[in-house]
Amino acid sequence: SVVYRQGDGSLVAYVKGAPDVVLELCSHQMVRGRVVRLSEQDRREILRRNAAMASDALRVLALAWRRLPSGGQVLAEEEVERELVFAGLAGIVDPPRPAAVAAVRRCRQAGIKVVMITGDHYLTARAVARELGLLEREGRILKGTELDQMDDEELGRVVGKVAVYARVSPRHKLRIVRALKKAGHVVAMTGDGINDAPAIKEADIGIAMGLTGTDVAKEASSMILADDNFATIVAAVEEGRGIYDNIRKFIRYLLSCNVGEVLVMLLAVLAGLPLPLLPIQILWMNLVTDGLPAMALGLDPPERDLMARPPRDPRESIFAHGLAWRILGSGAAIG
């Protein structure tokens, strides 16, 4: 709501917001330039139009106004936002970027569940989610009013099945992040506003928008998107998986070489043989045959099937999936 002083000194309040909320504050409407009483039938028709626009993936705002007394007194919020005159609905087209659709598809292949949390109307959220491909499989839509009726235990049971949350408030976002973490998920939360900051801070990985994000959201985050593009998050996941793979390759190669050297020295001592390697020879091998190939492995490009694998358990050891045994086997062969 904005209160505007006109040239003649009179005050007018201009209000915009969610149609179902703003309509509750209206008692009249504009019809062909005249202010007339708003009937129940008119309310139903406006809500029907709102639903039709929302179903076309439009973000719908209701517009209203009211003349205020201009006596100079301080007006309370409830004094301004009542007995408004409904002016109309505005539908805003905000289509998903083509890159976002492809990114959501890649997330699904990589075993990453994408959840949309929005303050938009239920029908708008559903239409946008279908465009993004979030509701192709089994996916549930939950409204903020339904969240209010659930306790934390009930939310924990359904949180893994919900693909879209509509008409939510900042406290709902925080509850959703906490429920996902409690269910054992590693949660990344993206947002740009001040009211997103608590959920961004609570998430395992908080991601703020670099272009449109507020300073509060950026301070609360652990990562900032320079281009405000969801596809960049997916690229970062791929980069992270590639780095982790290369660390395992690096470790396998270096430890295998070192195990080989240790075995040579150990067996020679046990067999009573002369020293097989001089210190300068060990240093030379570590410098030439260990260091350079290990660096090359550390810079290896990512594997082609990297984003077709499920996420790894964050609690698993870096030596999981038989890496320790492969190190010992390779070390024995080298030795």
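Quick notes
- Multiplying each eigenvalue of the alpha-carbon gyration tensor of segment 1-149 by 5 and taking the square root yields semi-axes of 38, 16, 14 Å, largest first, rounded to whole angstroms.
- The share of accessible area on the chain that comes from carbon and sulfur is 58 percent, using a 1.4 angstrom probe.
- For q = 0.21 Å⁻¹, Debye-computed log10 I/I(0) when each Cα of segment 195-291 counts as one equal scatterer: -1.02
- Note on the chain: with charges restricted to the Cβ of Lys and Arg (+1) and Asp and Glu (-1), its dipole about the Cα centre is near 740 debye.
- Count Lys and Arg as plus one, Asp and Glu as minus one, and take only other residues whose Cβ is under 10 Å from that of residue 121; the net charge is then +2.
- Taking the C-alpha atoms of the chain, convex hull volume expressed per residue in Å³: 201
- Per residue accessible area of segment 55-197, 1.4 Å probe, in Å²: 55
- A DSSP coil position with no more than 10 other Cβ atoms inside 10 Å describes the following trypsin sites (Lys or Arg not before Pro) in segment 271-335: 304, 315.
- At q = 0.24, 0.27 Å⁻¹, base-10 log of I(q)/I(0) for segment 213-265 (Debye sum, equal scatterers on each alpha carbon): -0.92, -0.99
- Proximal lysines relative to residue 181, as straight alpha-carbon distance under 23 Å, when same-chain residues fewer than 8 apart are discounted: 113, 143, 161, 173, 201, 218
- Karplus-derived 3J(HN,Hα), 6.51/-1.76/1.60, for each residue of segment 215-226, Hz, glycine and proline x: 4, 5, 4, 5, 5, 7, 8, 9, 8, 10, 7, 5
- Kirkwood Rh and Cα Rg combined as Rg over Rh, evaluated for segment 85-230: 0.96
- Exposure rank, largest accessible area first [165, 14; 1.4 Å]: 14, 165
- Whole-Hz ³J(HN,Hα) from phi, Karplus 6.51 cos²θ - 1.76 cosθ + 1.60, for segment 93-110, glycine and proline x: 7, 9, x, x, 5, x, 5, 5, 4, 5, 5, 4, 5, 5, 4, 4, 5, 7
- Structural size metrics of segment 22-101, computed from C-alpha coordinates, are Rg and Dmax of 16.2, 54 Å.
The values are calculated or read from the model by the stated rules, or taken from the named source; none is laboratory data. Predicted, not measured: the structure shown is a model, and the values here were computed from it. As a convention, Cβ positions derive from the backbone with ideal geometry for all residues, glycine included, and neighbour counts pool all protein chains shown. Remember, those area values only see protein heavy atoms, side chains included, never the ligands or the DNA or RNA. Shrake-Rupley method; radii C 1.70, N 1.55, O 1.52, S 1.80 Å.
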